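Read through the structure below, which is laid out as structure tokens, and then see the notes.
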Amino acid sequence: VAQYPYDPDSIQSADAAVVAELRRISELKQCYLKNQVDPRTSRISLPALPAQLQELRNLIKTYKITIRKLKAELELKDAEIVALRAELLESQSKARALEAKLHPNRSLDALHLSGLNATHFLTALRYTYKSIRSFVHLMVKMMESAGWDLDAAAGSIQPDMLRRRIPGHRVFAFESYVCRRMFSGFNHRSFGLSSLEECSSWDRRHFFFDFTRLKSMALDQNPGCPPSPAAQLCRAKYLSLVHPKMESSFFGDLDHRETVGSGSGFPAAEFFAGFAEMARRVWLLHCLFFSFKPETERSIFQVRRRTRFSDVYMESVVAEEESGGGGATTVGFTVAPGFSLGQTLIQCKVYLIKDEPELDGRS
């Protein structure tokens, strides 16, 4: 430092010390900057960094504006969907009202026993087939999730499926299995089940009363209450249709089967709900079947394999070109049964194959 009185040597020495210190500080600063942004490893130069940051800020601002715009469009689309759904419901309601006016005998609402005819049975049958297809769709989804070989499963039910291996046709094999189980014993008042023996003595009024009571209700069983005939049918058919190995592969246990078999209630699961709705529809159809006058001839039928196709009492579930047309077309198997009510014949649904015909007839 400078001294007083004036000392030139001391002043020069102090000046040199200050310059040296400033040089050391400058070197430290350069070293720090070099470590933070090394030109050899970074493509961003210090002068360009603020511009890069500003560009990123502008992009973020643009993205935020775009997000707000997309959210507004999404809300608009949601509102349109709600409006379209309301229009659809209104259109469906109008269509049902118009259908009721054009074909008053087809509606199952406000149906009286005295006005019962084959058209009502056909309407109920369509609902039944729809519930069967819905359950089969659910069952196939469960099979896929469980890793089943669907070709092998369909082929074990109907061998023609293994021979043809058309993925879109496998569902018909599963539908045939479900229909065969669900409609077994249909022509008996009690379905051939000991648990429904009381129904053997029911007259047509009793069956129609049960149809009227259950047609607008979901099938349920409250613990502690005696099971209804429909619930008894549901229990028996579930234990018959859903094999223990099938249930175990779907859920990893047999809890559904144990609950159903115990009679303590029904499982609260989507799979069983689909089955219960199908069983309810089959029971409703059964009730209508036995609600006709005793003198009305009625029967349920299926077609034997290799029967020559006849559109009089058969309906093909596949188009002719898909069934191997170009030769004699015969029945591979019955998918869903047909019905005869007096003078009305309701076709059975069949899967056709190209084959040599054998005996022609129903069974």
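The table below gives the values:
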{"read-out": "Conditions (1) within 24 Å of the chain's Cα centre (by Cα); (2) over 23 Å from Gln158 (Cα atoms); (3) surrounded by 16 or more Cβ atoms within 10 Å (Cβ to Cβ); (4) among the hydrophobic types (A, V, I, L, M, F, W, C): number failed by Phe275", "value": "(2)"}
{"read-out": "Condition broken by Tyr6, with the remaining ones in (1) at pLDDT below 65; (2) of a type in the set (Phe, Trp, Tyr); (3) in a helix (DSSP H, G or I) satisfied", "value": "(3)"}
{"read-out": "Which listed residue is in contact with a Cys (Cβ under 7 Å, 6 or more places away or on another chain) and modelled with pLDDT of 95 or more, from Phe186, Phe191, Phe207", "value": "Phe207"}
{"read-out": "Given (1) under 21 Å from Phe290 (Cβ atoms); (2) among the polar types (S, T, N, Q); (3) without any contact (Cβ under 8 Å) to a residue 24 or more places away in the chain, index of the condition Ser131 fails", "value": "(3)"}
{"read-out": "Residue under evaluation Leu254, criteria (1) without any contact (Cβ under 8 Å) to a residue 60 or more places away in the chain; (2) hydrophobic (A, V, I, L, M, F, W, C); (3) under 30 Å from His120 (Cβ atoms), criterion not met", "value": "(3)"}
{"read-out": "Number of positions in the stretch 290-315 that are closer than 14 Å to Asn187 by Cβ and at pLDDT 90 or above", "value": "8"}
{"read-out": "Criterion violated by Ser228 - all others in (1) out of contact with any helix residue (DSSP H, G or I) (no Cβ under 6 Å at 6 or more places or on another chain); (2) surrounded by fewer than 14 Cβ atoms within 10 Å (Cβ to Cβ); (3) closer than 30 Å to Ile346 by Cα satisfied", "value": "(2)"}
{"read-out": "Condition broken by Ser200, with the remaining ones in (1) in contact (Cβ under 8 Å) with a residue 24 or more places away in the chain; (2) farther than 18 Å from Ala273 by Cα; (3) small (Gly, Ala, Ser) satisfied", "value": "(1)"}
{"read-out": "Listing of helices (runs of 4 or more DSSP H) fully contained in the stretch 115-228 that carry 1 or more residues being within 18 Å of Val282 (Cα to Cα), out of contact with any Gly (no Cβ under 9 Å at 6 or more places or on another chain) and among the acidic types (Asp, Glu)", "value": "170-182, 204-214"}
{"read-out": "Unique residue being assigned by TED's automatic domain parsing to the domain that holds Met142, over 28 Å from Leu108 (Cβ atoms), among the charged types (D, E, K, R) and out of contact with any strand residue (DSSP E or B) (no Cβ under 9 Å at 6 or more places or on another chain) when the list is Asp255, Asp210", "value": "Asp255"}
{"read-out": "Test: Ala146 is among the aliphatic types (A, V, I, L, M), surrounded by 15 or more Cβ atoms within 10 Å (Cβ to Cβ), in the same structural domain as Thr123 (by TED's automatic domain parsing) and more than 21 Å from Ile300 (Cβ to Cβ)", "value": "no"}
{"read-out": "Cβ pairs under 8 Å, 6+ apart, first in the stretch 228-242 and under 16 Å from Arg181 (Cβ atoms), second β-branched (Val, Ile, Thr) and assigned to a loop (DSSP other than H, G, I, E, B)", "value": "none"}
{"read-out": "Condition broken by Gly192, with the remaining ones in (1) at positive phi; (2) touching an Asp or Glu at 6+ places or on another chain (Cβ under 6 Å) satisfied", "value": "(2)"}
{"read-out": "Residues of the stretch 178-193 satisfying the condition of being touching a residue at least 40 places away in the same chain (Cβ under 8 Å) and hydroxyl-bearing (Ser, Thr, Tyr)", "value": "Ser184"}
{"read-out": "Residue count for the stretch 262-290, restricted to those that are in a helix (DSSP H, G or I) and over 19 Å from Ile132 (Cβ atoms)", "value": "1"}
{"read-out": "Scan of the stretch 278-316 for residues that are surrounded by 19 or more Cβ atoms within 10 Å (Cβ to Cβ), β-branched (Val, Ile, Thr) and touching a residue at least 60 places away in the same chain (Cβ under 8 Å), ordered by number", "value": "Val282, Val303"}
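Per-residue answers, yes or no, for (1) buried (at least 19 other Cβ atoms within 10 Å of the Cβ); (2) modelled with pLDDT under 95; (3) basic (Lys, Arg); (4) in contact with a His (Cβ under 7 Å, 6 or more places away or on another chain):
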{"residue": "Leu111", "(1), (2), (3), (4)": "yes, yes, no, yes"}
{"residue": "Thr119", "(1), (2), (3), (4)": "no, yes, no, no"}
{"residue": "Leu125", "(1), (2), (3), (4)": "yes, no, no, no"}
{"residue": "Asp151", "(1), (2), (3), (4)": "no, yes, no, no"}
{"residue": "Ile166", "(1), (2), (3), (4)": "no, yes, no, no"}
{"residue": "Met182", "(1), (2), (3), (4)": "yes, no, no, no"}
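The values are calculated or read from the model by the stated rules, or taken from the named source; none is laboratory data. Nothing here was measured: the structure is a model prediction, and the numbers come from that model. Cβ: placed from backbone, ideal geometry, glycine included. Neighbour counts: every protein chain shown.
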